[in-house]
Amino acid sequence: ELGCGCGEAGPSGCDETCGSTLEFDECGVCDGDNSSCSGCMDPEAENFDSSATIEDGTCEHAPIFDEINDQFGTEDVDFSIDLSEHASDLNNNISHYTHVVLENDNSVSSSINGNILTVSPSNNFYDTGFGDIVVIRVFVFDSIGHSNQTDFNLSFSGVNDAPVITSVSGQVPTPIIE
C-alpha cells in the first residue's frame, strides 16, 4: 500500500504524513493520550464528568455519615461516642470532625478530641428546664473540603441526687460537740 499519496510504500499515520506511525487514541484524537475523553464516570462522585468515556481513577467522593441512632446517657455523667464508627470515605481521607449542639441553652458542654465526641450535661441537668433531650449535629470533612453531616438525639436520664441543705430560714446552726 502506498502511504499518504507520497508515492512510496510504507506506513501512513493518522496525521496523513508519509512514514508516520501516529495512531488515534481511544478518544479519536491523533497521537492523543486519552485525556480528552477521560474523567470520573461515577455519577455519585463530586467530580462526575458526564462526557467521559474512559474512567481515569480521579473520582472524589464526599465522606459518608451513617445515621446515628438515638443515644442515651445519665444526667451527671459525660457521654462519649466514637464518630469514626459512623463515618466512612471511599477515598480514605477523612481529615476531621466538627459538631454543634442545636438549641443549646448552655445546659451541656461538648468537645471533639480526634474522632471522639464528648457531651457533658450540666449538674442537675433536669433543673435547667431544658428537658431530657439534646440534638447534636455532627459534620465529617475530608482533606479536600468535602463534607457530610447527620443529627442525632441524646437523651439523659435523671439522677436522684441527694438533697443539700444550704440554709433554713430562722434557724441558727448548732455546733456539733464531740
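Computed from the coordinates by the stated procedures, all read-outs in this text should not be read as laboratory data. Every value quoted in this text rests on a predicted model; they were computed, and no experiment measured them. Note that we place each Cβ from the backbone using ideal geometry, even for glycine, and neighbour counts take in every protein chain shown.
Sites listed here are GluC sites (Glu not before Pro) in region 28-106 whose DSSP assignment is loop and whose Cβ has at most 15 other Cβ atoms within 10 Å: E44, E46, E67, E103. Residues whose amide H lies under 5 Å from that of S95, counting only those 5 or more places away or on a different chain, are F141, D142, S143; hydrogens are built 1.01 Å from N in the peptide plane. Computed 3J(HN,Hα) for region 146-154, one whole-Hz value per residue from the Karplus formula 6.51 cos²θ - 1.76 cosθ + 1.60 where θ = phi - 60°, is 6, 8, 8, 8, 8, 10, 8, 8, 10, glycine and proline marked x.
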